[in-house]
1. In square nanometres, what is one fourth of the surface area of the convex hull spanned by the alpha carbons of the range 65-192?
2. On alpha carbon coordinates alone, what is the Rg over Rh value for the range 129-214, Rh being the Kirkwood radius?
3. Output the pairs from K93/K119; K50/K121; K50/K128; K218/K245; K229/K293; K41/K130 with a Cα-Cα distance over 31 Å in this structure; if there are none, say none.
4. Please report the net charge: other residues with Cβ closer than 9 Å to the Cβ of V40, K and R +1, D and E -1.
5. For a quick check: with amide H placed at 1.01 Å from N, whose amide H comes under 5 Å from D149's, ignoring anything fewer than 5 positions away on the same chain?
6. With Cβ to Cβ distances under 12 Å as the rule, what net charge do the other residues near L217 carry (K, R +1; D, E -1)?
7. Please name which of Y296, V117, Q255 has its Cα lying farthest along the dipole of the chain towards the positive end, using unit charges on Cβ (Lys, Arg +1; Asp, Glu -1) and the Cα centre as origin.
8. Averaged over every viewing direction, what's the projected area of the C-alpha convex hull for the range 190-265? Give it in nm², one decimal, please.
Amino acid sequence: MKKVIYVTLLIIVIPYLVINLFVRDDEIKFKFVSNMFVRVKHEDTGVIEKVPFEEYITGVLAGEMPVTFELEALKAQAVAARSYVMKRMAYNKDKDYDVVDTVMNQVYLTDEYLKSVWKDKYVEKINKIKTAVVETKGEYLDYEGQVVDAFFFSTSVGATENSEDVFTAEIPYLRSVTSTWDEEVSPVYEEVNNFTLKEFYEKLGVSYQDEIKLDILKTTSTGRIKEIKINGNKFTGGEVMNKLKIRSAFFTIVQNGEKVVVTTKGYGHGVGMSQYGAQAMALKKYTYDEILKHYYSGVTIKKI
């Protein structure tokens, strides 16, 4: 705990990455005046790259949230991403890298990659993302003097989860809150997955039987499955989710002869900020700070 506090204070006290904004060839450019970097490990190559802090946040926004989202939603994501990486930097200060560039931490896309996929739309799209970064420059979430572990996910099932129902620790700012508007905007709110009975058993590593026997042992407050028995084999909801490669632990399993239909609601672990919930709130004219304070209970927004 002392190490985490020390490194967090160190991050705040050292000269922060000052960003000067100017326009060149119609693209927003960042001028980096001091030397705060995030050590990013590229999972596909194993290469560790030192990326200027706010440039890293820009790449995370591009990787984690559709650029078509409202600016207030993108700003909320920028503050959450900034908080998340600050926490990782404190945790991993004695390691070779702070974060990996995948969903294991936060998806980070390089500028070179974005230019290759966005092509002639690159300037328009990167400027929108950089605007969200600049308008929240240096802002992070704080809870009682500590940087918030700002988990986020795609789509809620109508409410978010308490942290201890999905992970192990009970965290006071990661409480279940309503998010009923996700269904209005999320294209991944519900998904139907079809398997043969043989495929279903093989993916779970369960012996073949003619009939699936289900026994739901525990659920979360929102109805996500915490523990389930399938033909006498116990699984967590997360294990079923990962083995079947489905979007959520909020699922139903229906057998029809040799076919199995698994229907999910929501997308992701359900803890913290729902990204499509943030988009729906932005469409309803909520500001980014209102969005953040809804999803992270009792937090304040501070600036490095």
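Only the coordinates and a few stated rules stand behind these numbers; no lab work does. Computed from a prediction, not measured in an experiment: that's the story for all the values here. Every residue, glycine among them, receives a Cβ derived from its backbone with ideal geometry; neighbour counts consider all protein chains shown.
1. Its Cα hull, projected and averaged over all orientations, spans 10.2 nm².
2. Result: Rg/Rh = 1.14.
3. The pairs that break the limit, which is 31 Å between Cα atoms, are K93/K119; K229/K293.
4. So the environment of V40 carries a net charge of 0.
5. The list, which skips near neighbours in sequence, is empty: none.
6. Overall, the nearby charge balance is +2.
7. Farthest towards the positive pole: Y296.
8. 4.3 nm²
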